[in-house]
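In what follows, a structure is listed as structure tokens, so that the remarks can point back to it.
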Amino acid sequence: RRRRSSSVVAVFLSLLASDDWTCCSTTTARAESASSAAQGSGADPARGVSIRGEGATLPAELYEEAAYAYKVTRPEVSVSYNAVGSSGGIEAIKADMVDFAGSDAVLSADDYAEV
């Protein structure tokens, strides 16, 4: 179990390190915007960037492990995930309360248009 979990975390981390996330372009833009704003406003850039997610309970352990491992390589980035269930994640992403959401349900065309 630990070996498979480590492999999955490694794949997830490589995705996080990539700047070419078409599915998560808003998160990348928000992170870059927050970083630029902090630098331009005289704020302390060491405070870093916070990326928040909510949603499905099933992947929560994976997200927590990946967030911890990512923090080791990118200490200025904080990734958090609140496992509230798929529908809670969908509602949170539609309300622009989080940067990403996990769901075991596919978004309807109407829901996708609201994101």
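The values are calculated or read from the model by the stated rules, or taken from the named source; none is laboratory data. Bear in mind that the values here come from a model prediction, so they are computed numbers and not experimental data. Here the Cβ is made from the backbone with ideal geometry for all residues, glycine too, and neighbour counts use every protein chain on show. To get the accessible areas, we keep the full protein, side chains included, count just its heavy atoms, and leave off ligands, DNA and RNA. Shrake-Rupley method; radii C 1.70, N 1.55, O 1.52, S 1.80 Å.
Listed by position, the helices (runs of 4 or more DSSP H) inside region 21-105 whose residues that are at pLDDT below 90 number at least 3 are 25-40. Looking at region 69-76, can you tell me whether even one residue there is under 16 Å from the mean Cα position of the chain (by Cα) and of a type in the set (Phe, Trp, Tyr)? Yes, region 69-76 contains at least one residue that is under 16 Å from the mean Cα position of the chain (by Cα) and of a type in the set (Phe, Trp, Tyr). Residue pairs whose Cβ atoms lie under 7 Å apart, separated by 6 or more positions or on different chains, with the first residue in region 59-72 and under 18 Å from GLY85 (Cα atoms) and the second among the hydroxyl-bearing types (Ser, Thr, Tyr) and open to solvent by less than 40 Å² (accessible area, probe 1.4 Å), are ALA60/TYR81; TYR63/TYR81; GLU64/TYR81. Taking (1) free of Cβ contacts under 8 Å to residues at least 24 places away in the same chain; (2) among the charged types (D, E, K, R); (3) surrounded by fewer than 17 Cβ atoms within 10 Å (Cβ to Cβ) in turn, GLU76 satisfies each apart from (1). For region 106-115: of the residues being assigned to a loop (DSSP other than H, G, I, E, B) and open to solvent by 70 Å² or more (accessible area, probe 1.4 Å), which is farthest from LEU62 (Cα to Cα)? Among them, the one singled out is VAL115.
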